[in-house]
């Protein structure tokens, strides 16, 4: 090491310095997208403090820096999972069948805003939004159509759903029963991550504490009844989309994960039973190496946390499995084809970071819901990485890069600092700390400040966005846009009316009464929700009961 | 005292994407405007009533839900219904809006649509130039 | 809009006219004086309630909940919320309106015709209010609101101006913020007619409550002494004016949890009780008399200065003063004489 040290000094003095004096450089200071300062070059001295066996090691072994499986994509490629859904259940069912024929290997459901917020299509608040950004679901009837001809023992399905997550899970279980598939076998994910809604995504219905209570109810029920189903997708994606840095995304997501584990343990749920059903969801943004480092750091942190802090025994409990979506906020409306390139870089970072599944954005998404063509190109991007680039053939090929290892370690350290601050807010408890941070606006303020900083850099031309503030052109845009039939709302409301007329209203009433009493008496709400769903109660009716018992939440705004 | 330009930054509908609206509010304030932010999940009626009572010069509606063609005209109509005059103000829309819909929205009385990635300085300039122009046109 | 149209509209319940009139007054348009002249006789009926307190104590939420409570009691409510404005850019973020959310989503407060909410920027002014808050409140009064809630900036500075505008001043506090600082700073103890300990579900509410009650039970001299010991806002305390103005009224301390709507009815009761007390004891006239005297003198001063500028060669006099050829007292006498003469001639 002293030899290297001498060599480094010599190089700085004799080689770099005169060169800089003569040629200069583009910037005074180079940093990652998150503002971490980076040097000209990295060498063994920068990772001197790291221990290969302890900190890096081999894939499939603690601390899993290099991946959760020993041979990663040499065994099975990541799941190519394109988030989609629009219009009525029929429309989405058709799009899904197309994607499965095109080689997609997992389904991922986009719901419309009324469904996401737990209001029915005939609610005045839903006016104009039914079926717009995703599929409209009111009752089990819609789910029957949505999964018509799709065998639940063959696919895994992901649901981006939060306040009504338990209702959607119950619907999926009900469909499995109708198809004769045992619920122990069904695979998929519900997002069910309420904490990040308070930080960033704002799909808010119930106040923080009852929201968390319902999440833990789903853990408790799900660990028992649907053992192959991911009961939560602890999400940094939306935190990043709201403007956070990569470090904040990493830190807040891990902090939320810790809060959920603590809440589950408080309930008395066996951590080794639950852990395999926890999954994560990250964003992949433009800074290639920073993103790769983020994914590697996340895995290492989670393994330490689960093994050392929470005492999980089963090595599978130490795994951080995650889904990745390329950064929607990085897409530009200008020169939309450039987005294909951005998405490719981001997707490569996700694969090099060892993701378990991936959604690649379509190039037209800064304009509207993606067209069929754009969706296809997005999927092809993943397929080209998988089958043509050679990237998946070696596990964690960037390990040992002085820069990547240094950056992985740096991000981990910065994230730990945040986590310790949050823990302090909770007097030693991450659960209390996260709730406190929601109450006092800590998370929102951190994210808003980062978003404003990012925008200011663009305004001042310090940050270049190709085609937006540099290399701009006059362009006439002709993007084929997917238009949602304006008739969707009317048709959906009609179906809802029909379901309400034909169902056994007595059974609905009974199930909802059971739900009310369960909520009031602090019992698990999942069994009555299951019953309510099967009786064709609407999402709005079920959420309505929870709102009446727990109250609703209006977010204090911090700008 | 010079009249300050008052801007209502509004989120209409159920979508919770407030990054754009909040960053906009912050930058408009720093550019010397008086900004009233509505917070999330407002109905068209609520936004319209706020626009009238606060006697704003500019109404900026942000939405990423695809419901713009349904909700924006409602805001404009309710402003009229509550006694306000949309012709005296600038009505701006920001969000994920397809090109065809931009044409539609302008027909409905929207002065300009800003898509994601628009530099905020551009929005500031637009307000400073177009507001007096529109007022003048309305008076004559 | 023309003044006639505005005034007529405002007095006949047209919100748009009210909104525009406020804009004219707030920005000191030439028409604003005329508007104020025409509506003044229609004012004096509303109960004007000020809410002040440190940042983060939950004033906006309290305002929202009080509004809802007063609406339940059949009263029409006008609200003026003041936010800080930058003296440098002139910009401001007026965010209090968004707290105006009722408990019942089927009866949104935002579109209730019995409520009018107006945000104002302090435009860099100290004291907790915007320059024209008093006149804006009068416009709301003339329009016919029964209760007018005025929320001060709440930037943690000395915000005692509220007593110039409000009949009832409510000082809002919360536990956990370091009571001594909250209580002793900036005349807080002297201006309140009612004290609120909000967020009372947090630990330490009783401590603040006890401390408040103790401080409020002290006489003027003891408070002065304590305040000096803790470096509080000396000037206001020293005048003793504050003790004089609430004589006989023992300010109640109300505990609330505004988020959950707890204690709101009690607070509304206390506010109404105070108004009744003021009317019965004639305290209200006393306060209004003082306020009108101050305002009259301010206006007269402004007018006289304007006359001086218009009718006299005051610039020459200033030059003489600079050269020490005349003393300021004689100079003032001569100028006043000159103004009076110009009046006789004109």
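The values are calculated or read from the model by the stated rules, or taken from the named source; none is laboratory data. If you're wondering where the values come from, they're calculated on a predicted model, not measured in any experiment. Virtual Cβ from ideal backbone geometry, glycine too; neighbours counted across all protein chains shown.
Quick one: which residue in A:264, A:251, A:242 is crowded, with 24+ Cβ neighbours inside 10 Å, under 17 Å from the mean Cα position of the chain (by Cα) and over 21 Å from residue A:112 (Cα atoms)? So the residue among A:264, A:251, A:242 that is crowded, with 24+ Cβ neighbours inside 10 Å, under 17 Å from the mean Cα position of the chain (by Cα) and over 21 Å from residue A:112 (Cα atoms) is A:251.
Taking the condition more than 7 Å from every other protein chain (Cβ to nearest Cβ), under 14 Å from the mean Cα position of the chain (by Cα), modelled with pLDDT of 90 or more and over 19 Å from residue B:129 (Cα atoms), does residue B:12 pass? Here the answer is yes, as residue B:12 does meet what is asked. Candidates in the stretch A:369-378 are the residues that are crowded, with 18+ Cβ neighbours inside 10 Å and touching a helix residue (DSSP H, G or I) at 6+ places or on another chain (Cβ under 8 Å); of these, the one that is nearest to residue A:297 (Cα to Cα) is A:378. Read through the list (1) more than 30 Å from residue A:36 (Cβ to Cβ); (2) in contact (Cβ under 8 Å) with a residue 40 or more places away in the chain, then give the number of the only condition that residue A:447 fails. Condition (1) is where residue A:447 drops out.
If you take the residues in the stretch B:76-88 that are outside any helix (DSSP H, G or I) and under 20 Å from residue B:127 (Cα atoms), which one is farthest from the other protein chains (Cβ to nearest Cβ)? My answer is B:85.
The one condition from (1) crowded, with 23+ Cβ neighbours inside 10 Å; (2) at pLDDT below 95; (3) more than 12 Å from chain B (Cβ to nearest Cβ) that residue C:77 does not meet is (2).
Take the conditions (1) away from chain A (no Cβ under 13 Å); (2) out of contact with any helix residue (DSSP H, G or I) (no Cβ under 6 Å at 6 or more places or on another chain); (3) surrounded by fewer than 24 Cβ atoms within 10 Å (Cβ to Cβ); residue B:34 misses just one of them, which is (3).
So which of B:91, B:96 ends up being at pLDDT below 95, outside any helix (DSSP H, G or I) and either within 12 Å of chain A (Cβ to nearest Cβ) or in contact with a helix residue (DSSP H, G or I) (Cβ under 8 Å, 6 or more places away or on another chain) (or both)?
Details: B:91 fails: at pLDDT below 95.
It is B:96.
Just to be sure, is residue A:358 assigned by TED's automatic domain parsing to the domain that holds residue A:233, within 22 Å of residue A:193 (Cα to Cα) and in contact with a strand residue (DSSP E or B) (Cβ under 8 Å, 6 or more places away or on another chain)? The answer is yes for residue A:358.
Have a look at A:175, A:186, A:168, A:190 and point out the one that is more than 14 Å from chain B (Cβ to nearest Cβ), within 19 Å of residue A:133 (Cβ to Cβ), more than 12 Å from the chain's Cα centre (by Cα) and at pLDDT 95 or above.
Values: A:175 fails: within 19 Å of residue A:133 (Cβ to Cβ); A:186 fails: within 19 Å of residue A:133 (Cβ to Cβ); A:190 fails: more than 12 Å from the chain's Cα centre (by Cα).
Selected residue: A:168, the only one of A:175, A:186, A:168, A:190 that is more than 14 Å from chain B (Cβ to nearest Cβ), within 19 Å of residue A:133 (Cβ to Cβ), more than 12 Å from the chain's Cα centre (by Cα) and at pLDDT 95 or above.
Considered as a group, the residues in the stretch C:37-66 that are surrounded by fewer than 17 Cβ atoms within 10 Å (Cβ to Cβ) and assigned to a helix (DSSP H, G or I) include one that is nearest to the chain's Cα centre (by Cα), and that residue is C:40. Looking only at residues that are within 21 Å of residue B:4 (Cβ to Cβ) and within 10 Å of chain A (Cβ to nearest Cβ) in the stretch B:99-123, which one is surrounded by the most Cβ atoms within 10 Å (Cβ to Cβ)? Of everything passing the filter in the stretch B:99-123, B:120 is surrounded by the most Cβ atoms within 10 Å (Cβ to Cβ).
Considering only residues in the stretch A:193-210 that are under 18 Å from the mean Cα position of the chain (by Cα) and assigned to a helix (DSSP H, G or I), the one that is nearest to the other protein chains (Cβ to nearest Cβ) turns out to be A:201.
Let's see how each residue does on (1) surrounded by 11 or more Cβ atoms within 10 Å (Cβ to Cβ); (2) part of a helix (DSSP H, G or I); (3) at pLDDT 90 or above:
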position: C:237; (1), (2), (3): yes, yes, no
position: C:243; (1), (2), (3): yes, yes, no
position: C:251; (1), (2), (3): yes, no, yes
position: C:266; (1), (2), (3): yes, yes, yes
position: C:280; (1), (2), (3): no, yes, yes
position: C:298; (1), (2), (3): no, yes, no
position: C:320; (1), (2), (3): yes, yes, yes
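Condition check ((1) within 9 Å of the chain's Cα centre (by Cα); (2) on the phi < 0 side of the Ramachandran plot; (3) buried (at least 17 other Cβ atoms within 10 Å of the Cβ)) across all residues:
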residue	(1), (2), (3)
C:115	no, yes, yes
C:123	no, no, yes
C:135	no, yes, yes
C:139	no, yes, yes
C:152	yes, yes, yes
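Every listed requirement among (1) away from chain B (no Cβ under 14 Å); (2) closer than 22 Å to residue A:356 by Cα is met by residue A:162 save one, (1). Of the residues making up the stretch C:1-28, those that are outside any helix (DSSP H, G or I) and either closer than 17 Å to residue C:76 by Cβ or at the interface with chain B (Cβ under 8 Å from one of its Cβ atoms) (or both) are C:12, C:13, C:14, C:27, C:28. Kindly indicate the residue of the stretch A:89-123 that is within 21 Å of the chain's Cα centre (by Cα), assigned to a loop (DSSP other than H, G, I, E, B) and within 14 Å of chain B (Cβ to nearest Cβ) and also nearest to residue A:229 (Cα to Cα) among those meeting that condition. So the residue we want is A:110. The residues on offer are A:540, A:551, A:544, and the sole one that is crowded, with 20+ Cβ neighbours inside 10 Å and either outside the structural domain of residue A:135 (by TED's automatic domain parsing) or at pLDDT below 95 (or both) is A:540.
The single condition among (1) in a loop (DSSP other than H, G, I, E, B); (2) farther than 29 Å from residue A:301 by Cβ; (3) modelled with pLDDT of 95 or more that residue A:25 does not meet is (3). Mind listing whichever residues of the stretch C:29-62 are within 14 Å of another protein chain (Cβ to nearest Cβ) and closer than 30 Å to residue C:108 by Cβ? Passing the criteria: C:55, C:56, C:57, C:58, C:59, C:60, C:61, C:62.
Please enumerate the residues belonging to the stretch A:356-368 that are more than 14 Å from chain B (Cβ to nearest Cβ) and either crowded, with 24+ Cβ neighbours inside 10 Å or not in a loop (DSSP other than H, G, I, E, B) (or both).
Just the residues of the stretch A:356-368 that are more than 14 Å from chain B (Cβ to nearest Cβ), to begin with: A:356-360.
A:357, A:358, A:359, A:360 - these are the residues of the stretch A:356-368 that are more than 14 Å from chain B (Cβ to nearest Cβ) and either crowded, with 24+ Cβ neighbours inside 10 Å or not in a loop (DSSP other than H, G, I, E, B) (or both).
Residue B:29 meets all of the listed conditions (1) without any contact (Cβ under 8 Å) to a residue 12 or more places away in the chain; (2) more than 10 Å from chain A (Cβ to nearest Cβ) but one, namely (2).
Can you pull out every residue in the stretch A:124-150 that is at the interface with chain B (Cβ under 10 Å from one of its Cβ atoms), part of a loop (DSSP other than H, G, I, E, B) and surrounded by fewer than 21 Cβ atoms within 10 Å (Cβ to Cβ)? Can you show your working first?
Just the residues of the stretch A:124-150 that are at the interface with chain B (Cβ under 10 Å from one of its Cβ atoms), to begin with: A:124-134.
Next, from what is left, pick out any that are part of a loop (DSSP other than H, G, I, E, B): A:127-134.
Across the stretch A:124-150, the qualifying residue is only A:127.
State which residue is surrounded by the most Cβ atoms within 10 Å (Cβ to Cβ) when the search covers only the stretch B:9-26 and only residues that are under 13 Å from residue C:92 (Cβ atoms) and touching a residue at least 12 places away in the same chain (Cβ under 8 Å). Spell out the reasoning first.
As a first pass, look at the stretch B:9-26 and keep what is under 13 Å from residue C:92 (Cβ atoms): B:9, B:25-26.
Narrowing the set further to residues that are touching a residue at least 12 places away in the same chain (Cβ under 8 Å) leaves B:9, B:25.
Details: B:9: 29, B:25: 26.
Going through the qualifying residues, I end up with B:9.
Go through the stretch A:479-490 residue by residue and tally those that are surrounded by 17 or more Cβ atoms within 10 Å (Cβ to Cβ) and either in a loop (DSSP other than H, G, I, E, B) or modelled with pLDDT of 95 or more (or both). The number of residues fulfilling the criteria is 4.
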